[in-house]
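Each remark here refers to the structure printed beneath this line.
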Amino acid sequence: MKISFDNALGLFPKSLELRAKRTELLASNLANADTPGYKARDFDIDRILQEANPRQIPLQTTRPEHLAPSTDGIEGQLAYRVPQQASLDGNTVEEHIEQAKFAENALRYQTTLRFINGKISSLMLALRGE
Amino acid sequence: MASFKIFEVAGSGMNAQMVRLNITASNLANADSVSSSIEQTYKSRQPVFAAHFQNAFDRLHGTATKVNILGVVESKAPLQMEYAPHHPMANEQGYIFKPNVNTVEDLANMIAASRSYQNNIEVLNTAKELMLQTLRLGQ
């Protein structure tokens, strides 16, 4: 029997990475709340995690000009938010909605951190063998 | 939380709102600056914001988008002309020119700018807190 960190932590590190990306995206939405023509964007983390298949064969780049395949799986998943009430200057950021999403995302990030911490504690316990 | 881009994004947002606040302050301060010709009269100013994309790829797939200030535009609204022959700034015809500053509009602008600034600070604080918690991982 051996201890595998990858198996022990499961999807949580990936989830943490995606949450961090989403924090960035929502921060951009909030920063551009007064930018004319800016369209608010978001992506569905659950869907990306469902599609994350470890046995998938990664796209290869055979020439230096080729764009490197993304490792985070966000590409192609970014979507524009449909505003409840669009403003005249073409901006679709609604601050209250973005704030709520940002708070939710931060909380979920902390939850994921807590889970990873629990896993690490279990591993430590197993290593000590007490 | 491996990237520090979020601090740049929130920082650029705060910078943009601060510029807007400064411009609003000069509009309000100069609301009563009269002069004797149209050219010399203060005109109401507004900053122009734009999302900062590095390239086309960034526009589609980038997650961190900063705010750019493209420039400051002067209002095209007509100036107020007033007949005041005894005013020290009056021209030969006895007219003075008042700026086209709309103080009500500028006060509303000031409140909006300060709220947006607060929003960005909140984002910054949350991101900092999340990063510190990530650093303490496994302890």
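Quick note: the coordinates plus some simple rules give every number you see, no bench work behind them. It should be emphasised that the depicted structure is a prediction, and the values quoted were computed from it without experimental measurement. In this analysis, Cβ positions are derived from the backbone assuming ideal geometry, glycine residues included, and neighbour counts consider all displayed protein chains.
A few points about this structure:
- Chain A, Cα convex hull volume normalised per residue, Å³: 150 Å³
- Sparse packing (at most 16 other Cβ atoms within 10 Å of the Cβ) combined with a DSSP loop state is found for the following trypsin sites (Lys or Arg not before Pro) in the range A:71-130: A:Arg81.
- Reachable aspartates and glutamates from A:Lys119, criterion Cα separation under 14 angstrom, eight or more residues apart if same chain: A:Asp6
- Backbone HN-Hα couplings from phi across the range B:53-59 [Karplus 6.51/-1.76/1.60, Hz, Gly and Pro as x]: 10, 6, 7, 5, 5, 4, 4
- Inter-chain shielding of A:96-107 (mean C-beta neighbours from other protein chains, 10 Å cut-off): 2
- Expressed per residue, the C-alpha convex hull volume of the range B:1-53 stands at 73 Å³.
- The mean number of partner chain beta-carbon atoms within 10 angstrom of a residue's beta-carbon across peptide B:112-125 is 3.
- Cα-based helix-to-principal-axis angle, B:5-29 vs chain B, degrees rounded to 10: 10 degrees
- The loop-placed GluC sites (Glu not before Pro) in the range B:76-131, going by DSSP, that have at most 12 neighbouring Cβ atoms within 10 Å of their Cβ come out as B:Glu92.
- For the protein assembly as shown, the mean residue ellipticity at 222 nm estimated from helices alone is -16500 deg cm²/dmol, where every DSSP H run of n ≥ 4 contributes -39500 (n - 2.57) and the total is divided by all residues, rounded to the nearest 500.
- Loop trypsin sites (Lys or Arg not before Pro), the range B:76-134, which have at most 14 other Cβ atoms in a 10 Å radius of their Cβ (DSSP): B:Lys76
- Seen against the Cα atoms of chain A and their longest principal axis, helix A:95-128 is set at about 10 degrees.
- Under-5 Å amide H pairs with B:Leu79, H placed in peptide plane, nonlocal only: none
- Test item: A:32-41 mean partner chain Cβ contacts at 10 Å: 6
- Ranking of B:Val34, B:Val123, A:Val82 by count of other Cβ atoms within 10 Å, fewest first: A:Val82, B:Val34, B:Val123
- Rounded tilt (10° steps) of B:103-135 against the dominant C-alpha axis of chain B: 10 degrees
- In order along the range B:86-95, phi translates into HN-Hα couplings of 8, 5, x, 8, 5, 8, 4, 7, x, 9 Hz, rounded to whole numbers, per the Karplus curve 6.51 cos²θ - 1.76 cosθ + 1.60 with θ = phi - 60° and x for Gly and Pro.
- Integer Hz, Karplus 6.51/-1.76/1.60 couplings in order for the range B:66-78, x for Gly and Pro: 7, 9, 10, 9, 6, x, 10, 10, 9, 5, 8, 4, x
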